[in-house]
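The block underneath contains the structure these notes are about, expressed in structure tokens.
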Amino acid sequence: MSESTSLRVAVDTPAHTAISEPLTYLGDPALPAGTLVRVPLGRREVTGIVWSAGDAPEPGAAVELKQVLHALTSLPPLPQRWLELVAFTAAYYQRGTGEVALSVLPPELRKLDDAQVRQRIARLHKARAAALAAPHAAAHTAPPLSEAQQRVLGELAQATSQAAAPTVLLHGITGSGKTEIYLQAAAEALAAGRQALVLVPEINLTPQLEARFAERFAGRHIVSMHSALTPAQRLRSWLAAHLGLADLVLGTRLAVFASMPRLGLIVVDEEHDPSYKQQEGARYSARDLAIYRGKLEGATVLLGSATPSLETWQRAQEGRYLRLSLPARIGDGALPRVRLVDMNQQPRVKGGAVISPPLLDALNQRIACGDQSLVFLNRRGYAPVLHCGDCGWKSACAHCSAWRVFHKLDRTLRCHHCGYTERVPKACPDCGNLDIAPMGRGTERLEEQLAELLKRPDGTPARIARIDADSTRAKGALEAQLGAVHAGDVDVLVGTQMITKGHDFRRITLVAAVNPDASLFSSDFRAPERLFALLMQAGGRAGRDAAQAARSEMWVQTWHPQHALYAALRGHDFDAFAATQLEERRMAGLPPFAHLALLRAEAKTAEAARGFLQAASRLAEADAGAAGVTLYQPVPTPIARVADVERMQMLLESPSRQSMQHFLAWWLPQLHHERHARTGDQRILRWAVDVDPLAI
Ligand code: ADP
Ligand code: ZN
Ligand code: ZN
């Protein structure tokens, strides 16, 4: 071996430990930063990434440095800018550098040796050469652009020529032609010899988008990246992007870390969607990282939404992002008329009417004229709880502070939090009463009721399909059900919010929200924002075919028809809704006017969890105030106990992002020691910090 030098190598070690930063090893000085290596760690051999050449070890230094064992030299090193993105993510979300780096690489890379990697790369090159030699279908040409689209593209081109890497908000209602703008912007990037990355919030939406990109970019190499790929597929997509073979990468949030040497454009579709936030490990926001990455790579970032997040909206108002808008549907299709059903005026039915008579009539009328309807309710199962009228027993979960949901199809009581499942008891477990009854409604019960009440013109029952997490568990089930809807074999589609996102249904002219009120009074300050986005998006499923747009309707059943949120919805007035919400947030000192972090702790008892958070608070006492960070009292999480574990959280708030960052970096390492100091009854099972949390 040639002369060794010291190298800093990032390996997967937990955050906030003494060894969370890249470790020093001895290795070949010719190994560039970004090279994957195998190194000894304790008794194990692990994968690491050469982060930088280390400082020369002091002569006679007490530590014996270990040697790098192998290097994957046939894999081109990860680009410097990729390393910077990872380092930023780790620092900002308070995790280990190596932990983040290795968690976002395809797991296969940890298993293969250099020869195997060389072989995979050779295969990819061969496949690409073969694809290029083969004749391929002609690319579909773009439709003549609408005036609004031309204006948006003109402004986009101007912005790109003026700023190195502009962040652009594309605000346009569903069906206004945003996707066409993404396609055109991607074509520009590709023509300039660069790669484009397109992020979507849900795996279910990737096939549809992929089809549209594949048509337009026939002959170009397009890969997808999401968690449903097999490890081998994921490695292939990743390598194609990393080697620069793939021109386009389409994927969910983890794709924001795709290694792309020629990245020129990042699109974040439905940028407001909460799915962009990772909910474990490094709790990153792929939307926020996309913006950071755009600056790093000199790439344009295009954020698209009909209902932008208030963070994005506010930044656009301040002029930090360029705001472009597509105010009308393509072909001047009208937006659905919004109809509010005042449930206070409806006849009361035992257990509460789920579908009011006027909505029922409207649904029957649609069926009569061959239109489809979509009815959604954000609760799966038959009923959220079973109840004994005699003694008051309810189907509580023994392990969580939650009710077990009644599923009638397989006659089970299931906890949606811990999974605890039992057969439905024949009688009340407490008093033996045989008459235990479901309370409230879920999608199963809604489906059952609609099947009883809705008829086709020939008197046969209406054809109802249900799409929710239960009905789509089997592989291919969702595709089959969506296929039936598209083929016209379904009159009414019932489901959870799963059916409100993205799908391009052509024959739906009525969309109904059965019971959306709960979000109006939630303790989570973002609940109204999410509800508004959900209802706008759901409404967007109606009248997508311009011929039917004029008769499309969005129905909302509510006990609070006067609420400002519904008034804004009626007028399709996002601007008004955003203005009121932002004013409330400004007064209350909430995001985007403040920066939040949540410290969560889990323990066998609430006392232990609270004790840890209180100790953490005491540690911070002197410095938090000086740093401009406010710590609030520990409180139980919205569902305090899950699977016999008690969970508490503590909110931190600061008007300055930087202050919050400095404070966390100083504070969290001390909590690591605090946790280890707590034993016996006071033991903490887990703790974690969530920077910029979405759910409070
Ligand atoms: P969004 O992404 O805003 O929901 P899309 O880009 O999907 O909107 O456009 C809605 C529909 O209009 C799609 O069927 C699309 O093919 C079509 N479309 C978009 N732009 C044009 C255009 N300039 N001319 C004709 N049809 C268009
Ligand atoms: Zn009872
Ligand atoms: Zn449970």
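What is the sum of charges around L569, taking Lys and Arg as +1, Asp and Glu as -1, for the other residues whose C-beta is under 14 Å from the C-beta of L569?
-1
Percent relative contact order of the chain, based on C-alpha pairs within less than 8 angstrom and at least six residues apart?
Over the chain, the number comes to 11 percent.
Based on the alpha carbon coordinates of the stretch 544-666, what radius of gyration and maximum Cα-Cα distance (Dmax) apply, in Å?
When restricted to Cα atoms, the stretch 544-666 yields Rg and Dmax of 21.2, 66 Å.
Between the stretch 94-120 and the stretch 400-473, what is the C-alpha centre distance in whole Å?
Comparing the Cα centres of the stretch 94-120 and the stretch 400-473, I get a distance of 44 Å.
Could you tell me what percent of the accessible area of the stretch 116-331 is made up of carbon and sulfur, with a 1.4 Å probe and every protein chain present?
53 percent
Taking the Cβ of E84 as the centre, find all other residues whose Cβ is under 11 Å away and add up their charges (Lys, Arg: +1; Asp, Glu: -1).
After counting each charged neighbour, the total is +2.
So how far, in whole Å, is the C-alpha centre of the stretch 165-216 from the one of the stretch 303-335?
Between the Cα centres of the stretch 165-216 and the stretch 303-335 lies a distance of 15 Å.
On a 19 Å Cα-Cα criterion, which of the cross-link pairs K394/K426; K66/K111; K408/K501 come out too long?
K66/K111; K408/K501, as the Cα separations exceed 19 Å there.
Tilt of helix 606-627 relative to the longest C-alpha principal axis of the chain, in degrees (0 to 90, nearest 10)?
The answer is roughly 60 degrees.
Which value in deg cm²/dmol, rounded to the nearest 500, describes the helix-derived mean residue ellipticity at 222 nm for the chain, given -39,500 (n - 2.57) per DSSP H run of n ≥ 4 and division by the residue count?
Details: 18 runs with 228 residues, N = 696.
That comes out to -10500 deg cm²/dmol.
What is the magnitude of the charge dipole of the stretch 179-293 about its Cα centre, with +1 placed on the Cβ of each Lys and Arg, -1 on the Cβ of each Asp and Glu, and no other charges, expressed in debye to the nearest 20?
Computed about the Cα centre, the dipole is about 420 debye.
If you fit an axis through the alpha-carbon atoms of helix 657-677 and take the longest principal axis of the Cα set of the chain, what angle between them do you get, 0 to 90°, nearest 10?
Taking Cα atoms only, the helix is inclined about 80 degrees.
How large a share of the accessible area of the stretch 559-606, in percent, is made up of carbon and sulfur atoms when the probe is 1.4 Å and the other protein chains stay in place?
Details: 1260 of 2240 Å².
Roughly 56 percent, rounded to a whole number.
Please determine, in degrees from 0 to 90 and to the nearest 10, the orientation of helix 231-242 with respect to the longest principal axis defined by the Cα atoms of the chain, where the helix direction is its Cα long axis.
60 degrees
Using R₀ = 41 Å, calculate the FRET efficiency as 1/(1 + (r/R₀)^6) where r is the Cβ-Cβ separation of A564 and A218; round to 0.05.
0.30
Using mean Cβ contacts within 10 Å as the protection proxy, how do 243-251, 430-438, 536-544, 381-389 order, highest first?
The densest-packed peptide leads the list: 536-544, 243-251, 381-389, 430-438.
Among rounded, prolate and oblate, which fits the chain when a ≥ b ≥ c are the square roots of the eigenvalues of its C-alpha gyration tensor, a/c under 1.5 means rounded, and a/b larger than b/c means prolate?
Note, shape of the chain comes out oblate.
Rolling a 1.4 angstrom probe over the protein heavy atoms, how many square angstrom per residue are accessible across the chain?
Per residue, the chain has 44 Å² of solvent-accessible surface.
If you take every DSSP beta bridge whose two residues both sit in the chain, what share of them, in percent to the nearest 5, is antiparallel? Spell out each step's value before the answer.
Values: 54 of 106 bridges.
The answer is about 50 percent antiparallel.
Mind jotting down the three principal axis lengths of the stretch 116-331 based on Cα atoms? Whole angstrom, largest first.
51, 44, 32
The values are calculated or read from the model by the stated rules, or taken from the named source; none is laboratory data. Being a predicted model, the structure only gives us computed values, none of them experimental. All Cβ positions, glycine included, derive from the backbone under ideal geometry; neighbour counts span all protein chains shown. Accessible surface is based on the protein model in full, side chains and every heavy atom, while ligands, DNA and RNA are left aside. Shrake-Rupley method; radii C 1.70, N 1.55, O 1.52, S 1.80 Å.
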